[in-house]
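What follows draws every value from the coordinates through simple rules; no lab data is involved. All figures in this text were calculated on a predicted structure; none of them were measured in a lab. Quick reminder, even Gly has a Cβ in these numbers, built from the backbone with ideal geometry, and neighbours come from all protein chains shown.
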């Protein structure tokens, strides 16, 4: 039996692909429905790689869910995994009480959580009218609430950009998107379609000094910041708004992985994985945003397809490993190591750069040899670079591999 924890897009895809390969699969989801955040993502852009269609989030979720039940996957809703041991004991609390599962493999498709207001260090207490962007998206698209009349978006992550447009369409006066970095945090498509097309200003190198109000947000004071993130005197500006959305990044949800003693990386805040998204603990895999924060849902679900192939071939995380390390101007790499004993087919290396650049090269090398060099028209932190790594590229590699931007 294979246990998949999490019924979002990556978890559903893992269950589908494993079931298609004849595996006995149990999919555990703590909510009352499958889909994760997909049902609240009513914009399009999903499913291009898997179905060859441009779908909305609910449409993509529904098509995956139909496949889940058509294949006969054992789905356990309203069920919370409360513990996972290194010996692959999975403790589940559900409507019938507690039960213990001992699967052959566990696929963590646990997704990510949004960073709250506290992550950006704004002084003062939280007021009514403050939301993380995903919470606002759920309240607007699922519950049908109008969350305010005027809004400021703090942080330019993709959820925040999408919500800026959504609130504008709902009649909310969206004043601006404020980003403390000197560049936008979301992908180019969302900057163009969600901000520029709707005349919503994007102010980079700006931070929030204070959020003020009594029973609700009343005004937000922002100011320009220097290269050290310090406020520049004389640049204060006050927005009179009743709503603030925070879109300041995502973190992989790793609490269950820690229970299984899976090593967590500081760079990705997710687990160490190899080219098959296997963790160093045998029988444990991590997929989607629970492994690292992907730029697109379609890329996240690809990891589930890779894992299903690995489990089907009886993959074991042992043998000779070569680490892949981030070098100059590289922030995130996934995977972080290669199992050379199983390296008999190409895999995709995902690279997230540390800062925007034009006409830069991505270089992959060991201490003696460069195995990959390519010039890209533009590199952005929000958009992952995908590089196909083939066995022939690493035939003469000795020691660790480093990925750098030049």
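Spherically averaged projected area of the convex hull of Cα atoms, the chain: 20.8 nm². How many angstrom separate the Cα center of segment 158-189 from the Cα center of segment 373-406? Rounded to whole Å, the Cα centres lie 31 Å apart.
Using the Kirkwood radius over Cα pairs, work out the Stokes-Einstein diffusion coefficient for segment 320-406 at 10 °C and 1.306 mPa s, in µm²/s as a whole number. Can you show the working numbers first?
Working: Rh = 13.1 Å.
D, rounded to a whole number, is 122 µm²/s.
Residue ranges 59-71, 42-54, 92-104, 172-184 sort as 172-184, 59-71, 42-54, 92-104 when ordered by packing (mean number of other C-beta atoms within 10 Å per residue, highest first). In the chain, the longest principal axis of the Cα atoms and the axis of helix 9-20 are about 20 degrees apart. By the count of other C-beta atoms within 10 Å, a proxy for reagent exposure, 333, 203 are ordered fewest to most as 203, 333.
Per-peptide packing, taken as the mean over residues of other Cβ atoms within 10 Å, places 10-19, 290-299, 32-41 in the sequence 10-19, 290-299, 32-41 from highest down.
With an 8 Å Cα cut-off and a minimum separation of 6 or more residues, compute the relative contact order for segment 320-406 in percent. Contact order relative to length: 38 percent.
Build a GNM of the chain with springs between Cα atoms under 10 Å apart, and of 117, 313, 337 the one that fluctuates most is 313.
Our summary gives the chain a relative contact order of 14 percent, counting only alpha carbon pairs under 8 angstrom and 6 or more residues apart. Here segment 153-266 has an Rg and Dmax of 16.4, 51 Å, counting Cα atoms alone. For segment 255-332, relative contact order (Cα pairs under 8 Å, six or more residues apart, normalised by length) works out to 24 percent.
Computed from Cα atoms, the angle from the helix 158-169 axis to the main principal axis of the chain rounds to 50 degrees. As a calculated quantity, the FRET efficiency between residue 51 and residue 367 at R0 = 45 Å, using C-beta atoms, amounts to about 0.55. Please determine, in degrees from 0 to 90 and to the nearest 10, the orientation of helix 297-312 with respect to the longest principal axis defined by the Cα atoms of the chain, where the helix direction is its Cα long axis. Helix 297-312 sits roughly 20 degrees off the main axis of the chain. Our estimate of slack between residue 313 and residue 146, defined as 0.36 nm per intervening residue step minus the Cα-Cα distance, is 55.1 nm.
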